[in-house]
Amino acid sequence: KQEVTQIPAALSVPEGENLVLNCSFTDSAIYNLQWFRQDPGKGLTSLLLIQSSQREQTSGRLNASLDKSSGRSTLYIAASQPGDSATYLCSVRDSSYKLIFGSGTRLLVRP
Amino acid sequence: DVKVTQSSRYLVKRTGEKVFLECVQDMDHENMFWYRQDPGLGLRLIYFSYDVKMKEKGDIPEGYSVSREKKERFSLILESASTNQTSMYLCASSPTGHLNTEAFFGQGTRLTVV
């Protein structure tokens with residue numbers, strides 16, 4: 001059964017730092033991996049989607065990488081801002097179209 | 001922009017009531033999902049549907065049913081609400097196929113059962 005783990009569970013950094021969030025999964029037979037952002041009490045906002053054949057995707061200050069063979073993805077946030085404070089979730093999609101989620105990393109960027 | 005809209009942001013229902021949570025998407029997606037999210041337990045899949053009138057149980061279907069009569073609408077039904085169903089409910093949709101199957105979520109429904 002696919003399991004997704006996110007480390008660390010929580011992270012607090014000063015504004016301006018570059019940071020890395022980690023996601024690992026146990027079964028490399030995935031179709032894609034997607035990173036989401038969730039603000040308190042809100043739904044999930046899609047940040048980046050990486051297809052299984054891709055190695056990375058970039059959007060603005062965000063860069064996500066995927067190493068399928070080792071079951072790992074990282075989300076790199078450059079020059080962090082207080083507005084980046086949120087919970088970041090990664091999910092993998094298996095052949096049945098189900099999305100399996102990690103438990104998230106709660107990020108606080110201090111002004 | 002893809003839009004997934006859940007009918008209510010907040011709901012308060014009484015134990016034993018039949019509760020309907022509605023979700024509508026405007027991108028002609030084949031797949032739709034219902035998750036619940038609880039502190040310490042993350043997102044857990046309740047049901048998903050890969051086509052009209054088609055449904056599959058997720059990890060925690062007990063106490064729930066679903067209806068998908070039209071492609072754009074996926075309803076979650078709590079047959080007899082109980083306090084342990086107090087939670088945040090999230091609906092999502094995604095296209096089928098192997099490429100570019102980005103999933104999109106609604107804004108969530110915070111359900112409280114008293």
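When residue A:100 is tested against the conditions (1) more than 24 Å from residue B:60 (Cα to Cα); (2) of a type outside the set (D, E, K, R); (3) modelled with pLDDT under 95, the lone failure is (1).
Does residue A:103 satisfy the criteria of being in a loop (DSSP other than H, G, I, E, B) and touching a strand residue (DSSP E or B) at 6+ places or on another chain (Cβ under 6 Å)? It is true that residue A:103 is in a loop (DSSP other than H, G, I, E, B) and touching a strand residue (DSSP E or B) at 6+ places or on another chain (Cβ under 6 Å).
For every residue, the table says whether it meets (1) farther than 20 Å from residue B:106 by Cβ; (2) among the small types (Gly, Ala, Ser); (3) surrounded by fewer than 21 Cβ atoms within 10 Å (Cβ to Cβ).
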position	(1), (2), (3)
A:7	yes, no, yes
A:13	yes, no, yes
A:19	yes, no, yes
A:24	yes, yes, yes
A:30	yes, no, no
A:34	no, no, no
A:43	no, yes, no
A:46	no, yes, yes
A:55	yes, no, yes
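Test residue B:60 against the criterion of being surrounded by 14 or more Cβ atoms within 10 Å (Cβ to Cβ), within 14 Å of chain A (Cβ to nearest Cβ) and β-branched (Val, Ile, Thr), and give yes or no. Taking the combined requirement at face value, the residue satisfies it.
Take the residues in region B:88-114 that are within 14 Å of chain A (Cβ to nearest Cβ) and farther than 28 Å from residue A:33 by Cα; name whichever of them is surrounded by the most Cβ atoms within 10 Å (Cβ to Cβ). Even if it seems obvious, please write down each step before you answer.
Narrowing region B:88-114 to residues within 14 Å of chain A (Cβ to nearest Cβ): B:88-112.
Adding the requirement that they be farther than 28 Å from residue A:33 by Cα leaves B:111-112.
Values: B:111: 21, B:112: 13.
Ranking the candidates gives B:111 first.
If the condition is being of a type in the set (Phe, Trp, Tyr) and either modelled with pLDDT under 95 or within 20 Å of residue A:47 (Cβ to Cβ) (or both), then region B:88-114 contributes B:104, B:105.
From the list B:37, B:6, B:85, which one is at pLDDT 95 or above, within 23 Å of residue A:32 (Cα to Cα), surrounded by 17 or more Cβ atoms within 10 Å (Cβ to Cβ) and not basic (Lys, Arg)?
Criteria check complete, one pass: B:37.
Scanning region B:46-73 for residues that are part of a strand (DSSP E or B) and under 20 Å from residue B:7 (Cβ atoms) yields a count of 13. Among the residues making up region B:18-37, those that are more than 11 Å from chain A (Cβ to nearest Cβ) and either farther than 13 Å from residue B:76 by Cβ or among the aliphatic types (A, V, I, L, M) (or both) are B:19, B:21, B:24, B:25, B:26, B:27, B:28.
Of the set (1) in a strand (DSSP E or B); (2) in contact (Cβ under 8 Å) with a residue 12 or more places away in the chain; (3) within 11 Å of chain A (Cβ to nearest Cβ), all apply to residue B:76 but (3).
The values are calculated or read from the model by the stated rules, or taken from the named source; none is laboratory data. A quick note: this is a predicted structure, and the numbers were derived from the prediction, not measured. Note: ideal-geometry Cβ built from the backbone for every residue, glycine included; neighbour counts use all protein chains shown.
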